[in-house]
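The values are calculated or read from the model by the stated rules, or taken from the named source; none is laboratory data. Worth saying up front: this structure is predicted, and the values here are computed from it rather than measured. Cβ: placed from backbone, ideal geometry, glycine included. Neighbour counts: every protein chain shown. In case anyone asks, the SASA skips ligands and DNA or RNA and just uses the protein heavy atoms, side chains included. Shrake-Rupley method; radii C 1.70, N 1.55, O 1.52, S 1.80 Å.
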Amino acid sequence: MDLLDSVKCERRTYTDKCQTHSHPYWQLILPLQGNMNIKTNMFDLELDDKSLFFLPPDFTHSFYGKSKNEFLVLDIPSKLFYTFGVKTFNRELHQVFDERWKAIRYLILQETDSSSLSDLVRYSGSLLFQQNIPASIQFIHENFHQQLMVERLASIEHFNVSYYCKWFYNQTGMTANAYIQKIRLEKAKELLETTELSLLEIALQVGYSHQSSLTRLFRKIEGLNPIWYRKRRN
């Protein structure tokens, strides 16, 4: 059970005593000074000021520090990243700590407001997603407004259709068609909230030829007409 309601951000140091555990929340480890060793099923490495590390929930890992060290550690509620709609992070990530991440670390260190910190963490998550999301899922995000066939998506990953459908469900927790609908719905919500476009114009922008298709999608998932959604949000 994830007991975190909001992001927990702390400066932490690690001793030479090796510890092993797992936790039900995401964890992002950013360097401040010194080194630490971390071992998972995939990695056995020494973190320094040139790298960052990201752990999904419930991944067992061992860690210790050999010398003076300090790291900025963010414990992140599972719901904060699941809002992206993808469970793609089913493995650990070891990334270069470049200038972009240094800027993010600076902003995190300056931030004391919990809502703003959550926004920074979401942005950090989006960077990790962009760099690690499977090619066919990235293709969906870039082309959701077009007609997308499962056969085309499977070919991007070089899988047959049957295997791809199982693989996709394991990655996202839903079918490819349901995932495409979810992306279209989120884009339609954004357009309803931020523009004065008609329902037909919005339907066309998110990949539907008829306004009625968008209305059915809203009623199915949101339980209300898109017009009422717009009025309620405004």
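For this structure, a couple of remarks:
- Whole-Hz Karplus values for segment 141-156 come out as 4, 8, 9, 4, 7, 9, 6, 10, 9, 4, 4, 5, 5, 5, 5, 5 Hz, taken residue by residue from phi with 6.51 cos²θ - 1.76 cosθ + 1.60 and θ = phi - 60°; glycine and proline positions read x.
- The mean sequence separation of alpha-carbon pairs under 8 Å and at least six residues apart, normalised by the residue count of the chain, gives a relative contact order of 16 percent.
- Long pairs among Lys102/Lys220; Lys79/Lys220; Lys50/Lys79; Lys17/Lys50; Lys68/Lys102; Lys166/Lys220, criterion Cα-Cα beyond 32 Å: Lys102/Lys220
- Ordering of 34-41, 147-154 by burial proxy (mean other Cβ atoms within 10 Å per residue, highest first): 34-41, 147-154
- Orientation-averaged projection of the chain equals 14.9 nm² [convex hull of Cα atoms, one quarter of hull surface area].
- Tilt relative to the chain, helix 114-132 - C-alpha long axis, 0 to 90 degrees, to 10: 80 degrees
- Rounded accessible area per residue of the chain, 1.4 Å, Å²: 55 Å²
- Rounded tilt (10° steps) of 211-221 against the dominant C-alpha axis of the chain: 50 degrees
- Entry for segment 27-166 at q = 0.14 Å⁻¹: log10 I(q)/I(0) = -0.77, Debye formula applied to identical alpha-carbon scatterers, no solvent contribution.
- Surface composition of segment 125-234: carbon plus sulfur atoms contribute 49% of the solvent-accessible area (1.4 Å probe, protein chains only, all chains present).
- Derived scalar couplings ³J(HN,Hα) [segment 199-205; Karplus, 6.51 cos²θ - 1.76 cosθ + 1.60; whole Hz; x for Gly, Pro]: 4, 5, 4, 5, 4, 5, 5
- Per residue, the convex hull spanned by the alpha carbons of segment 97-234 comes to 151 Å³.
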